[in-house]
1. What base-10 log of the normalised intensity I(q)/I(0) is obtained for region 136-261 from the Debye formula, alpha carbons as equal point scatterers, at q = 0.18, 0.23 Å⁻¹?
2. What net charge do the residues around residue 133 carry, taking every other residue with its C-beta under 12 Å from that of residue 133, with Lys and Arg at +1 and Asp and Glu at -1?
3. To the nearest Å, what is the center-to-center distance of region 51-96 and region 289-344, using C-alpha atoms only?
4. Leaving ligands, DNA and RNA out of it, rank 347, 195 by accessible area with a 1.4 Å probe, largest first.
5. Counting other Cβ atoms within 10 Å, keep those with at most 15, restrict to DSSP loop, and tell me which trypsin sites (Lys or Arg not before Pro) in region 32-120 are left.
6. Largest first and in whole Å, what are the equivalent-ellipsoid semi-axes of region 205-363 based on the Cα gyration tensor, each being the root of 5 times an eigenvalue?
7. Can you work out the Karplus-derived ³J(HN,Hα) for every residue in region 257-263? Use 6.51 cos²θ - 1.76 cosθ + 1.60 with θ = phi - 60°, whole Hz, and x for glycine or proline.
8. Just how much of residue 160 is accessible, in Å², when a 1.4 Å probe is used and the result is rounded to the nearest 10?
Amino acid sequence: MKLKKVSDKKRILVLAGDGIGPEITKEALKVLEAVSQKSKISFEISEGLLGGIAIDKTADPLPPETIAKLDKVDAVLLAAIGGPKWENLPQDQKPEKGLLRLRKELEAFANLRPAKVFNCLADSSTLKREVIEGIDLLVVRELTGGIYFGSPRGKIADKTYVNTDVYSEAEIKRIIVCACEQAMRRSKKLCSVDKANVLEVSQFWRDVTIETVKSQFPEIELSHLYIDNAAMQLIRNPRQFDVLVSSNLFGDILSDEAAMLTGSIGLLPSASLGDGSKAGLYEPVHGSAPDIAGQGKANPIAMILSLAMLLESSLNLPKEAKTIVQAVEQALDEGCRTADIATVGEKVLTTAQMGDIIYKKVNA
Ligand code: IPM
Ligand code: MG
């Protein structure tokens, strides 16, 4: 996958969003400050509105001012959006619609969601240590097509609604190529997840996948699972998987499940990339967690690791990205825990305390 040519300035648009978004954004920016001090690289940060806060201030979940900024940056760092306050708005005015439109604007069709177990946290998973130890998998989710965007949608008759799952050959091919490129860098194993026993669109997905892998990536060992079986296998024996690829909706579900295997969804970052002509989008896999917002309870690590992915993939700073990942690993190894990953009796850190520790390690 090609990436956008980075400007010298290394410009990042930050969208703090709703709920715990602003708190975790603050910690990620702290860590970026440490990177900047340490490496003498300067970053140009701009801020924008997305989600509920954008609705409150502009009556639009993705206002034109935010859209206008997208072309002027190399990458977008987004925290989380949504909350009960906006839940009863019509579907097309909800915060989530802003996020979906943002992904479309950036043509970010490939969503990479790595799920890696930090072995020191293997006991905070709800699954047994022996099942999850050593998990290192990647969910590649198609992000700009499928049932999320298909037409017709909405009300079609009295008390009757419809959504449409639709994929073109070109859409399937480009996500499969992306998943194959990832697999080639890893174990050369790819599992495509569909529901080809029931859905025509899934059978087509499977046919195009087989053809694409055969013609372009013959070295890859390709397998297929139905979504229900994949969901079950992921819990039963997650280590059998390396790269999983799926449609928008199935990938949404599988990536939450994969995240939970690792102990906390508060740890997992993601990258959403297109063909390289637009900025990459980086965001934690978790949501805005309105129930704990503003209380200093949120885990900032998924956001900080999303920043690391941003530095590596969109700004071509792999060394700096690695420094952040190592700082996070060290903090966890030393027993630093926010509430979501603490076991009984362990000292619980606030969002800012965890951010401070990682900041200091990056800056050391
Ligand atoms: C995610 C979220 C979003 C999605 C929502 C907030 C629209 O669940 O990023 O996984 O469904 O894509
Ligand atoms: Mg989701």
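1. Calculated log10 I(q)/I(0) at the listed q: -0.92, -1.40.
2. Every neighbour counted, the sum reads +1.
3. So the separation of the two Cα centres works out to 24 Å.
4. 347, 195
5. Here the trypsin sites (Lys or Arg not before Pro) that fit, given the DSSP loop and packing criteria, are 40, 72.
6. The three semi-axes for region 205-363 are 32, 20, 14 Å.
7. Each residue's phi maps through the Karplus curve to give 5, 4, 4, 5, 4, 7, x Hz.
8. That residue has around 60 Å² of solvent-accessible surface.
The values are calculated or read from the model by the stated rules, or taken from the named source; none is laboratory data. Note that this is a predicted model, so its numbers are computed, not measured. Neighbour counts run over all protein chains shown; Cβ positions are idealised from the backbone, glycine included. All accessible areas refer to the heavy atoms of the entire protein, side chains included, with ligands and DNA or RNA removed. Shrake-Rupley method; radii C 1.70, N 1.55, O 1.52, S 1.80 Å.
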